[in-house]
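*Asks:* Take this structure, written in structure tokens, and hold onto it; I'll ask about it next.
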């Protein structure tokens, strides 16, 4: 086979600056796939040498999900990709023994952390790529705020504070917000991409628990 017929091939990853980042993405709905889509896109970004950080608001763990998740192991193996989990154990409002006040405190802390990263990105030199091993609070190219919309839906954080975060972001930062079953209409005028992930059928409805390798 001629080398030209082999198709795309993997290349070494070197830190780089994206030319076309800077949009706001919203992934919401009652279907499975919001976080999955964001993680897939983040993987694509780090494959081009861009710096990506995942900040999770409401996935602190439950009794049916192991503490070590597949995405964390994969992220740790990828240069330029990092994560933080600010979520409280359990799930807000599910009467699972977790403290709802602690859920709120953790969500507010995550929003403060997001502001730190956004502000650092705004202050970073515009003409220099972010180092793959540099801390997220020195700036990133893509920031994924996972489950932030659930936190806003449930009153753990103020939707107006989410809007303020969007308005304060630098033009170069790609901001991705996921979560929430409630329609986040307050975001639509401020987002460049809005995708609703709708459930047609889900194995959880038939009694299947979260599965290792698909849900965590």
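The values are calculated or read from the model by the stated rules, or taken from the named source; none is laboratory data. As the structure is a computational prediction, the values presented were derived from the model and not from experiment. Cβ placement follows ideal geometry from the backbone for every residue including glycine, while neighbour counts extend to all protein chains displayed.
*Asks:* Looking at this structure, is residue 40 surrounded by 10 or more Cβ atoms within 10 Å (Cβ to Cβ), within 19 Å of the chain's Cα centre (by Cα) and in contact (Cβ under 8 Å) with a residue 60 or more places away in the chain?
*Replies:* no
*Asks:* Check residue 138 against each of (1) in contact with a helix residue (DSSP H, G or I) (Cβ under 8 Å, 6 or more places away or on another chain); (2) crowded, with 16+ Cβ neighbours inside 10 Å; (3) under 20 Å from residue 51 (Cα atoms) and name the one condition it does not meet.
*Replies:* (2)
*Asks:* If you don't mind, there's one more thing I want to ask. Quick one: in the stretch 110-119, of everything that is modelled with pLDDT of 95 or more and crowded, with 17+ Cβ neighbours inside 10 Å, which residue is nearest to residue 184 (Cα to Cα)?
*Replies:* 111
*Asks:* Can you tell me which of 104, 74 is modelled with pLDDT under 95 and exposed (fewer than 14 other Cβ atoms within 10 Å of the Cβ)?
*Replies:* On inspection, the qualifying residue turns out to be 74.
*Asks:* Go over the candidates 212, 201 one by one and state the one that is modelled with pLDDT under 95, in contact with a helix residue (DSSP H, G or I) (Cβ under 8 Å, 6 or more places away or on another chain), surrounded by fewer than 13 Cβ atoms within 10 Å (Cβ to Cβ) and more than 20 Å from residue 121 (Cα to Cα).
*Replies:* After applying the criteria, what remains is 212.
*Asks:* Now, a different point. Are any residues in the stretch 146-160 surrounded by 15 or more Cβ atoms within 10 Å (Cβ to Cβ) and out of contact with any helix residue (DSSP H, G or I) (no Cβ under 6 Å at 6 or more places or on another chain), and if so, which ones?
*Replies:* Listed by number, the residues that qualify are 147, 148, 149, 150, 153, 154.
*Asks:* Could I ask something else about it? Looking at (1) in contact with a helix residue (DSSP H, G or I) (Cβ under 6 Å, 6 or more places away or on another chain); (2) closer than 22 Å to residue 69 by Cβ; (3) at pLDDT 95 or above, which is the only condition residue 180 fails?
*Replies:* Only one criterion is unmet by residue 180, namely (3).
*Asks:* Residue 55: in contact with a helix residue (DSSP H, G or I) (Cβ under 7 Å, 6 or more places away or on another chain), modelled with pLDDT of 90 or more, assigned to a loop (DSSP other than H, G, I, E, B) and within 23 Å of residue 134 (Cα to Cα), yes or no?
*Replies:* no
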